[in-house]
Amino acid sequence: MNIGPRNTVTGVTLVELLVTVAVVAILLTLGVGGFRTLIANAKMTNAANSLIGHLQFARSEAVKRSAEVSLCPSTDGSTCVTQSDGAWEIGYIARLEGTGQVLRWVEASEMAGITVTKTGTSARIVFKGDGTATGYACTLTLCDTGDSANKRGVIVSNVGRVRVSDYASGGGALTCP
């Protein structure tokens, strides 16, 4: 008796499919946590680099114009906030000190999700015509609002040098509010 060719069915069973879905779910769960950390670190690095760039811009403009140029927190893009603990995440401006002419305005949206606190008694940082910041040395501490362990310190020295550090200008560890 001749039965003929066998019909073979190819595919996966329900158990195989469930095992595959479970393995993919586990791998995605492990990867998402690391990806969130990567995004948070990139956001913090971007904010610190942007702030450094604006500080260096203010310093170079001061030298170029042989005049004082300040960087200070500002909500409206034209006037400085006067409190010494002015929160820089509200936005900030670079301006000529003598005329008040605004050279650059950074809006609050650029600092979204980040708090910025400044040490020192003045809300602003002033670069003199020779590039120094005598009397305005400070540490600007950038903190991620979602993770207080994710922080950067932007340090401005009296000679006008701007750098990033995990420690405040006095050598102590940075602290987030």
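The values are calculated or read from the model by the stated rules, or taken from the named source; none is laboratory data. Note that the structure is a prediction, hence the values are computed from the model and not measured. All Cβ positions, glycine included, derive from the backbone under ideal geometry; neighbour counts span all protein chains shown. Accessible surface is based on the protein model in full, side chains and every heavy atom, while ligands, DNA and RNA are left aside. Shrake-Rupley method; radii C 1.70, N 1.55, O 1.52, S 1.80 Å.
Annotation: of all residues in region 146-177 being open to solvent by 60 Å² or more (accessible area, probe 1.4 Å), in a loop (DSSP other than H, G, I, E, B) and at pLDDT 90 or above, the one that is nearest to Leu51 (Cα to Cα) is Arg161.
Taking the criterion of being more than 30 Å from Gly98 (Cα to Cα) and touching a helix residue (DSSP H, G or I) at 6+ places or on another chain (Cβ under 8 Å), the residues of region 125-177 that qualify are Asp144, Gly146, Asp147, Asn150, Lys151, Arg152.
Among the residues of region 62-79, the ones that are surrounded by fewer than 23 Cβ atoms within 10 Å (Cβ to Cβ) and at negative phi come to 10 in all.
Would you confirm, using the coordinates I've provided, whether Ala47 is touching a residue at least 24 places away in the same chain (Cβ under 8 Å) and closer than 25 Å to Gly146 by Cβ? In short, yes. Inspect region 80-100 for any residue being open to solvent by 60 Å² or more (accessible area, probe 1.4 Å), at pLDDT 90 or above and not basic (Lys, Arg) and give the result as yes or no. Looking for residues that are open to solvent by 60 Å² or more (accessible area, probe 1.4 Å), at pLDDT 90 or above and not basic (Lys, Arg), one finds at least one in region 80-100, hence yes. Scanning region 105-130 for residues that are surrounded by fewer than 16 Cβ atoms within 10 Å (Cβ to Cβ) and in contact (Cβ under 8 Å) with a residue 40 or more places away in the chain yields Glu110, Gly113, Gly129, Asp130.
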